[in-house]
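Some notes on the structure that comes next.
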Amino acid sequence: MEDCSLPHDSLFLGFDSSTQSLKATVLDSNLNLVTSEIVHFDSQLPHYGTKDGVYRDASENGRIVSPTLMWVEALELVLQKLSKSKLDFGKIAAISGSGQQHGSVYWKSGSSAILSSLDPSKPLVDQLGDAFSTKESPIWMDSSTTEQCREIEKAVGGALELSRLTGSRAHERYTGPQIRKIFLKLPEIYNQTERISLVSSFMASLLIGSYACIDETDGAGMNLMDIKQRAWSKIALEATAPSLEEKLGKLAPAHAVAGFIAPYFVERFHFNKNCLIVQWSGDNPNSLAGLTLNTPGDLAISLGTSDTVFGITSNPQPRLEGHVFPNPVDTEGYMVMLCYKNGSLTREDVRNRFAKESWEVFNEFLEKTPPLNGGKIGFYYKDHEILPPLPVGFHRYVLQGFTGENLDRINECEVEEFDPSSEVRAVIEGQFLSMRGHAERFGMPSPPKRIIATGGASANHSILKSIASIFGCDVYTVQRPDSASLGAALRAAHGWLCNKTGKFVPISCLYKDKLEKTSLSCKLAVTAGDKPLVSKYGLLMKKRMEIEKHLVQKLGRA
Ligand code: ADP
Ligand code: XUL
C-alpha cells in the first residue's frame, strides 16, 4: 500500500492564467483551502488597455490576442498579493498551474539566457520586455486562421484523419494553425523564434527560469500531437511549418516535474529552493482534476469566459466535432470536451442589453418566464462561435403552436427581437439545449449520471436550475467556482507525490476515503428536473439542432 500522505505543514500552490484574470489557490497537506488571490487584467493592470483580457483587432477579422507581458506582470502581482496576505512561501512544497488552452508565446532567439539569469532586484517585466519575437500572443478566442486550418487538414489526409491523429480536426484557435499563420504571414517572427510555448508551459518556464516542456494534455490542443503515442506527429508538424519540432521542445506527462523554482523567486519572495514546479496544463484539464472527475457517467460544465462540457473516457472516438485530450491525471485515459466561445461574455452582453446590467434582474427574468420559453429560441453570437462555426450575429425564432408535445404542425418564424425576459431565458436555454444536443451527438453520457458545474457563472443558482431541467439530472457544484486553479494546486500535490514515489501514483490516492473532509468535495446544488419537462426539452433541442444546421449551411465558415 502506497504512502500517499503529504508532508505535514506543507502547502501546494495552483495558478490559473485565464482569459480575464490570473488566479491563485493554496491548499494545505489535508487538501483544504488556505487562501486564494486574483489579479483581474482589465482593472488591475489597466496600462495594457485590454478589454476582457484581450485585444480584438479591428484591422483583421477574427484576430484576437493578448499582451504576453501582461501575464508576466500578473504573476509578479499575484505573488505580491499572496505575500501581503502573509502566506509563508517557504512552506510551499510544489506549484502547478493552468493556462487558457491553445494560446502561444514566441520566445526570441537568445531569450533562454535572459530567462536563466533573472535579477531578483528588478521586476520580471523590466527584464523580459525584449524576450519575445511578437509582443502579442494569439489566444483561444482567435478565429483568423480558417485558411491555415483547411491547408493542414488537406496535408494530413482530411479533417477526420487529423482528428483521429491529434484528437481534433483543425480549429482556428488551435496552436498549429496559429503557428502556420505566423510562419506564412510574418516569417521574420517565425525565424526569430527559438521556442514556442503554450500559455501553460510559458508560465512554468518563468517559474523554473528555463524553457519548460509542453505537457501531453495541453499539447493535444495544438493539432500537432499524436494523441495515442503522446508524441509530436511528424506529418502534422510538416503540414504546419518547417523546423517546428526544435522550436517546440519535448513533451512531458502532466504529473512530471518541470524543475525547481528559479533563484529569482527564492530571493525575491522567499520560496524554499526545493519547491518543485510540476508541469502546468490547460485550464479545462486541470478543472477535470479539481472536480475529481473519475466516473464515466459524470459530466462537467464549466461556465467561465468560454463554456465547456467535458467528461472522461477510456475509448475516445475523435470526430469532426469536439476534442479529445489525454487525461492529465491518468496515464492511459482520455478526456472529451466541447467548447463554446460565447459563454459568460455573451451572457453579460444580454444582461447589459435586456436586464439592466444586473445579475439579480437577469435571474428575476429567468425565474418569471416559463420553461421552454413559449417556443422562443435564440442564437446569440457576440463573437464568432466555435460550436457551431457561425459568425457574429443574433438569430431569434418563435415556434408557433409549440407546447412540447410534438413537432408536427409547428410553424417556425424568424423574428427581430423578444421581450426582455424572454431574451434572458432564450440565451440560457439556447446554450444548454445546444450543449445537450452536441454532447449526445459526441457520445457523451445521456442523460449524465450527474453534472458538476464550475466556472464564474456556476455561482448563479437560477442558471443551475435551468441546467437541471434541460439535462434531467442533478447538478453539483464545488466549494469554489475556480476549479482550474484548485485542480492545479491538487496536481501540484500529485506531481510532488509521484516525484517522491519515483513513479506514477493514481491521484485518488491523495483523497481516497476523505474527499468530504477536503476542499474538493462537490455538493448537490439542484435536483433533476421532472421527466415530462426533460422530454419536452428533448423536442425543443431537436428543433434547435435543425435550425442550427440550416444556419451553418447558410452562414457557416467553410
Ligand atoms: P475565466 O474563464 O476567465 O477563468 P471565470 O470562470 O472566472 O472566467 O468566470 C468569469 C465570468 O463569470 C464573468 O465573465 C462573469 O460573467 C461570470 N459570472 C460571475 N458571476 C456571475 C453570476 N452571478 N451569474 C452569471 N455569471 C456570472
Ligand atoms: C478550450 C478553449 C477554452 C480555453 C479558455 O478548447 O479554447 O476553454 O481553454 O481558457
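One table, with the values for the structure above:
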read-out	value
Residue within segment 159-169 that is surrounded by fewer than 17 Cβ atoms within 10 Å (Cβ to Cβ), modelled with pLDDT of 95 or more and either not assigned by TED's automatic domain parsing to the domain that holds Q192 or not basic (K, R) (or both) present	yes
Filtered residue count, segment 82-128, keeping only those that are away from ligand 2 (no atom under 16 Å from the Cβ) and either part of a loop (DSSP other than H, G, I, E, B) or among the aliphatic types (A, V, I, L, M) (or both)	25
Candidate set: segment 328-385, residues that are in a loop (DSSP other than H, G, I, E, B), within 16 Å of ligand 2 (Cβ to nearest atom) and open to solvent by less than 50 Å² (accessible area, probe 1.4 Å); chosen: the one nearest to A468 (Cα to Cα)	G343
Some residue of segment 207-217 being surrounded by fewer than 22 Cβ atoms within 10 Å (Cβ to Cβ), in contact with a Lys or Arg (Cβ under 9 Å, 6 or more places away or on another chain) and under 23 Å from T19 (Cα atoms)	yes
Residue ranges of helices (runs of 4 or more DSSP H) in segment 225-292 with at least 2 members surrounded by fewer than 23 Cβ atoms within 10 Å (Cβ to Cβ)	234-240, 244-248, 263-269
Hits in segment 467-490 - residues which are away from ligand 2 (no atom under 16 Å from the Cβ), in contact with a helix residue (DSSP H, G or I) (Cβ under 9 Å, 6 or more places away or on another chain), at pLDDT 95 or above and not in a loop (DSSP other than H, G, I, E, B)	I467, S469, I470, F471, D474, V475, T477, A489, L490
Search result, residues across segment 183-217 that are touching a strand residue (DSSP E or B) at 6+ places or on another chain (Cβ under 7 Å) and part of a helix (DSSP H, G or I)	I189, Q192, V199, S200, S201, F202, M203, A204, S205, L207, I208
Among (1) out of contact with any Phe, Trp or Tyr (no Cβ under 7 Å at 6 or more places or on another chain); (2) of a type in the set (S, T, Y); (3) open to solvent by less than 10 Å² (accessible area, probe 1.4 Å), the one test that T193 misses	(1)
Filter result (of a type in the set (D, E), part of a helix (DSSP H, G or I) and in contact (Cβ under 8 Å) with a residue 24 or more places away in the chain) within segment 386-440	E423, E429
Filter result for G343 (within 12 Å of ligand 1 (Cβ to nearest atom) and among the small types (G, A, S))	yes
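Residue by residue, here is whether (1) assigned by TED's automatic domain parsing to the domain that holds E147; (2) buried (at least 16 other Cβ atoms within 10 Å of the Cβ); (3) part of a loop (DSSP other than H, G, I, E, B) holds:
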site	(1), (2), (3)
L6	no, yes, yes
F15	yes, yes, no
V39	yes, yes, no
S43	yes, no, no
E60	yes, no, yes
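The values are calculated or read from the model by the stated rules, or taken from the named source; none is laboratory data. Please read these numbers as outputs of a predicted model, since none were measured by experiment. Don't worry about glycine lacking a Cβ; one is built from the backbone with ideal geometry, like all the others, and counts go over all protein chains shown. For accessibility, only protein heavy atoms count, side chains too; no ligands or nucleic acids. Shrake-Rupley method; radii C 1.70, N 1.55, O 1.52, S 1.80 Å.
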